[in-house]
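Structure first, then comments.
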Amino acid sequence: MNLINQTQFFIRVTGKNIVPIPRFVIDFYHLTIVLKGSFTYIVNCKEIVVKENDALLLPNGTDRERLYHPDSADFIIFNYIPTNNSKINEPIHFKNAVNQQITTLLNAYPYKFYQANDYTHYSGRVYQKYTAYEADKVKAILHNLFNCILIDLFDFQNYRTKNAHVIKMLKFIEENIKMPLTLNDVSSATHLSKEYTARVFKKEIGMTVSEYINRQKLILAKNMISSNSLSLQEISEELGYQNYNYFSRIFKEHFGIPPIKLKNELKQY
């Protein structure tokens with residue numbers, strides 16, 4: 001599932017006295033992820049406070065302004081052009097949607113800055129130049145990194161539920177996603193019958209427990225292929241798949257590309 005057509009800009013900022021962004025209408029999609037601190041945006045003349053572990057996605061045509069932030073903050077900005085099937089009409093405020101998986105992935109990413117058609121990057125307090133090779137590598141990794149993050153955020157938005165049992169199920173799955181999880185594991189962890197677990201999960205989330213577990217594992221697998229040096233067999237085993245061929249098949253079904261092809265494409269950079 002590809003949500004990004006073109007990667008335009010990325011920056012991670014950590015510090016104090018964060019400068020404001022003047023008001024203007026954007027012609028790109030703008031994603032802010034806040035890991036520490038909080039920010040006040042004026043979006044289409046309405047105030048939105050984006051707090052720690054929130055994300056804010058603004059489509060092109062949004063009238064946007066960010067106010068001055070004097071306190072400590074750690075946040076990411078990612079600007080992109082979406083694919084035709086991933087466009088949105090209104091801003092989305094993902095409240096408390098930045099989970100441990102997203103945080104870990106972002107913290108493992110070594111780059112601080114990227115801008116399309118510009119080889120400049122930020123290292124420490126110095127702006128340096130990428131080589132063309134480095135710039136292409138950053139672009140490829142950013143594309144895969146934020147494609148997975150966007151899928152995770154949209155999943156969070158789509159699967160919101162007020163059912164306390166299902167919330168516990170989702171939390172258990174997230175915390176144990178690398179284990180070979182089954183419906184029995186989820187029902188036992190939440191002290192519910194297998195039948196009730198299956199029924200209420202499907203009703204609230206719109207897919208079976210096993211379908212959801214596989215979906216989350218595959219998103220994590222794509223993250224791992226993009227961001228570390230493990231072999232595909234090692235990634236498969238780390239995520240609880242004992243049969244690599246099965247892992248490869250369902251990966252291709254979900255993303256439209258076999259894991260080996262994705263890994264080889266990234267190697268080119």
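The values are calculated or read from the model by the stated rules, or taken from the named source; none is laboratory data. Being a predicted model, the structure only gives us computed values, none of them experimental. Positions of Cβ are backbone-derived with ideal geometry, glycine not excepted, and every protein chain shown enters the neighbour counts.
Got at least one residue in region 62-84 being part of a loop (DSSP other than H, G, I, E, B) and closer than 19 Å to ASP152 by Cα? Among the residues of region 62-84, at least one is part of a loop (DSSP other than H, G, I, E, B) and closer than 19 Å to ASP152 by Cα, which makes the answer yes. Test GLN242 against the stated conditions and say whether it is of a type in the set (S, T, N, Q), over 23 Å from LEU150 (Cβ atoms) and either in contact with a Lys or Arg (Cβ under 8 Å, 6 or more places away or on another chain) or modelled with pLDDT of 90 or more (or both). Answer is no for this residue. Of the numbered criteria (1) polar (S, T, N, Q); (2) surrounded by 13 or more Cβ atoms within 10 Å (Cβ to Cβ); (3) outside any strand (DSSP E or B), the one THR40 fails is (3).
Residues are listed down the side, and each one gets a yes or a no for (1) crowded, with 21+ Cβ neighbours inside 10 Å; (2) closer than 16 Å to THR7 by Cα; (3) outside the structural domain of HIS143 (by TED's automatic domain parsing):
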position	(1), (2), (3)
LYS46	no, no, no
VAL49	no, no, no
LEU57	yes, yes, no
GLU65	no, no, no
ALA73	no, no, no
PHE78	yes, yes, no
ASN84	no, yes, no
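Just one of the listed residues (ASN53, ASN2) is surrounded by fewer than 17 Cβ atoms within 10 Å (Cβ to Cβ) and of a type outside the set (Val, Ile, Thr), and it is ASN2. Taking each residue of region 8-19 that is at positive phi and looking for partners that are in a strand (DSSP E or B) and surrounded by 14 or more Cβ atoms within 10 Å (Cβ to Cβ) with beta-carbon atoms closer than 9 Å, six or more apart or interchain, yields GLY15/ALA73; GLY15/ASP74; ASN17/HIS69. Could you identify the single residue in TYR212, TYR246 that is more than 24 Å from ASN99 (Cβ to Cβ) and outside any loop (DSSP other than H, G, I, E, B)? It is TYR246. For a quick check of your reading of the model, give me the residue pairs whose first member lies in region 157-182 and is farther than 19 Å from LYS203 by Cβ and modelled with pLDDT of 90 or more, whose second is of a type in the set (Lys, Arg) and not in a helix (DSSP H, G or I), with beta-carbon atoms closer than 8 Å and at least 6 apart or on different chains. Here the result reads none, with nothing in region 157-182 linked to a residue that is of a type in the set (Lys, Arg) and not in a helix (DSSP H, G or I). Restricting attention to region 201-214 and to residues that are crowded, with 16+ Cβ neighbours inside 10 Å and within 20 Å of ASN176 (Cα to Cα), the residue that is farthest from the chain's Cα centre (by Cα) turns out to be PHE201.
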